[in-house]
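Here's a structure for you.
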Amino acid sequence: MGYIKVKGKREIYFESDDWIIDLGGLSIEDLEQDLNIQGDVSKIPRIHLNGNIFKSFDGIEIFESLETIHADNNIVKDVSALENLKNLSVLNLKSGKLTKIPNLGFLSNTLECLYLDRNNIRKIDNLNQLAKLQKLTLRSNNISEIENLEKNSELWFIDLGNNQISEIKNLGTLKNLKILKLDRNRISSVKGIEKLLNLKELYLQYNEISRFPINIKNFPYLEQVTLKKNPLIKSDLESVEQYCNNHNIYFID
């Protein structure tokens, strides 16, 4: 058994074969200076660092086998130390102070899930090298345009809800996309979804959509459509609803 003594806090005990270490909510300011690690953490695959106050991941490299990092509710700015984690596939940086998407190109061979909700990000970029990225969430930022995702062909889940987006575009190359969340934006037209033929779930509630001219029959795998709180004209709403009801598609108006 080993332990991690957090500066000014309690000791966290662990076994070298544990699957997770939880260091959340301990007011950690510096991973190098505030953690006194006694024992072997080199095989731990998952760490929770939620609710701390560190700005850099410097010192994280001692956890060399990490596959998952949850570090939401922090003030992280510098992610460069993650380059040393050769197995990292899940990174959670929700509820932080990020103003742009960090460049994570050094994780191009491993990163599959990236969670960046509730930051202050204004632009989708720095993702083109992440060829294995499958799940991307950017909910509740300040993004106004869907862009720079053309090379992320493995994406099957995108959440861009609660942003400033007015147009659905630049998604046509994402042939694996199954779940698309664009609720609570400023979208007035559904033009742009017609090429997403593998969609299973489409969330467009709380937008400004008045017409739904696209034939929903063209989406053979669709299981759920949510159009609640849009100013859809009655005929379009009834047409979509009727088709969904006849084909066991969960429809929320």
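Each reported figure results from applying straightforward, stated rules to the coordinates on display, with no laboratory input. All values derive from a computational prediction rather than experimental measurement. No Cβ is skipped: glycine too gets one built from the backbone with ideal geometry, and neighbour counts run over all protein chains shown.
For N52, are the conditions met, namely being of a type outside the set (S, T, Y) and crowded, with 16+ Cβ neighbours inside 10 Å?
In short, yes.
Across segment 133-147, what is the number of residues that are in a loop (DSSP other than H, G, I, E, B) and more than 19 Å from I187 (Cα to Cα)?
2
Let me confirm something: among K5, K86, K97, which residue is within 25 Å of Q134 (Cβ to Cβ), surrounded by fewer than 16 Cβ atoms within 10 Å (Cβ to Cβ) and among the basic types (K, R)?
So the residue among K5, K86, K97 that is within 25 Å of Q134 (Cβ to Cβ), surrounded by fewer than 16 Cβ atoms within 10 Å (Cβ to Cβ) and among the basic types (K, R) is K86.
Residues checked against (1) over 11 Å from the mean Cα position of the chain (by Cα); (2) more than 19 Å from N73 (Cβ to Cβ):
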residue	(1), (2)
G96	yes, no
T99	yes, no
S108	yes, yes
I124	yes, yes
Q129	yes, yes
R139	no, no
I143	yes, yes
L149	yes, yes
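Looking only at segment 175-197, how many residues end up being within 19 Å of the chain's Cα centre (by Cα), exposed (fewer than 15 other Cβ atoms within 10 Å of the Cβ) and not charged (D, E, K, R)?
1
To continue, here is another question. State the number of residues belonging to segment 186-214 that are in a strand (DSSP E or B) and in contact with an Asp or Glu (Cβ under 8 Å, 6 or more places away or on another chain). Please lay out each step first, then the result.
Taking segment 186-214 first, the residues in a strand (DSSP E or B) are 201-203.
With the extra rule that they be in contact with an Asp or Glu (Cβ under 8 Å, 6 or more places away or on another chain), the set shrinks to 201, 203.
Final tally of qualifying residues: 2.
Can you tell me which residue is surrounded by the fewest Cβ atoms within 10 Å (Cβ to Cβ) among those in segment 204-218 that are of a type outside the set (S, T, N, Q) and under 17 Å from G172 (Cα atoms)?
So the residue we want is I214.
Could you please find all residues in segment 219-242 being in contact with a strand residue (DSSP E or B) (Cβ under 9 Å, 6 or more places away or on another chain) and basic (K, R)?
Scanning segment 219-242 gives a single hit, K228.
Here is a follow-up. For N84, state whether it is touching a Gly at 6+ places or on another chain (Cβ under 8 Å) and either among the polar types (S, T, N, Q) or within 18 Å of F63 (Cβ to Cβ) (or both). Reasoning before the result, please.
Working: touching a Gly at 6+ places or on another chain (Cβ under 8 Å): no; either among the polar types (S, T, N, Q) or within 18 Å of F63 (Cβ to Cβ) (or both): yes.
Criteria not met by N84.
Does at least one position in segment 219-235 carry a residue that is assigned to a loop (DSSP other than H, G, I, E, B), of a type in the set (V, I, T) and surrounded by 15 or more Cβ atoms within 10 Å (Cβ to Cβ)?
No, every residue in segment 219-235 fails to be assigned to a loop (DSSP other than H, G, I, E, B), of a type in the set (V, I, T) and surrounded by 15 or more Cβ atoms within 10 Å (Cβ to Cβ).
Among the residues of segment 33-43, is any surrounded by fewer than 17 Cβ atoms within 10 Å (Cβ to Cβ) and within 22 Å of the chain's Cα centre (by Cα)?
no
Can you find even one residue in segment 61-75 that is within 24 Å of the chain's Cα centre (by Cα), loosely packed, with under 14 Cβ neighbours inside 10 Å and under 23 Å from L136 (Cα atoms)? Before you say what the answer is, go through the steps one by one.
Start the filter on segment 61-75 by keeping residues that are within 24 Å of the chain's Cα centre (by Cα), which leaves 61, 63-75.
This time we only want the ones that are loosely packed, with under 14 Cβ neighbours inside 10 Å, so: 75.
Filter once more, so that each one left must be under 23 Å from L136 (Cα atoms): 75.
For segment 61-75, residues within 24 Å of the chain's Cα centre (by Cα), loosely packed, with under 14 Cβ neighbours inside 10 Å and under 23 Å from L136 (Cα atoms): present.
Which of the residues belonging to segment 61-80 are among the hydrophobic types (A, V, I, L, M, F, W, C) and in contact with a Leu (Cβ under 8 Å, 6 or more places away or on another chain)?
F63, L66, I69, A71, V76, V79
So which strands (runs of 3 or more DSSP E) are wholly in segment 41-118 and hold at least 1 residues that are polar (S, T, N, Q), touching a Lys or Arg at 6+ places or on another chain (Cβ under 6 Å) and within 26 Å of N148 (Cβ to Cβ)?
Filter on segment 41-118 gives 68-70.
If you check N84, N73, N142, N36, which single one turns out to be closer than 26 Å to I168 by Cβ and not hydrophobic (A, V, I, L, M, F, W, C)? Step through it out loud before you land on a result.
Working: N84 fails: closer than 26 Å to I168 by Cβ; N73 fails: closer than 26 Å to I168 by Cβ; N36 fails: closer than 26 Å to I168 by Cβ.
Going through N84, N73, N142, N36 in turn, the sole match is N142.
Of everything in segment 236-253, what is assigned to a loop (DSSP other than H, G, I, E, B) and either without any contact (Cβ under 8 Å) to a residue 12 or more places away in the chain or out of contact with any Asp or Glu (no Cβ under 7 Å at 6 or more places or on another chain) (or both)? Give them in sequence order. I'd like the intermediate steps shown before the answer.
From segment 236-253, those assigned to a loop (DSSP other than H, G, I, E, B) are 247-249, 253; that's our starting set.
Passing the criteria: H247, N248.
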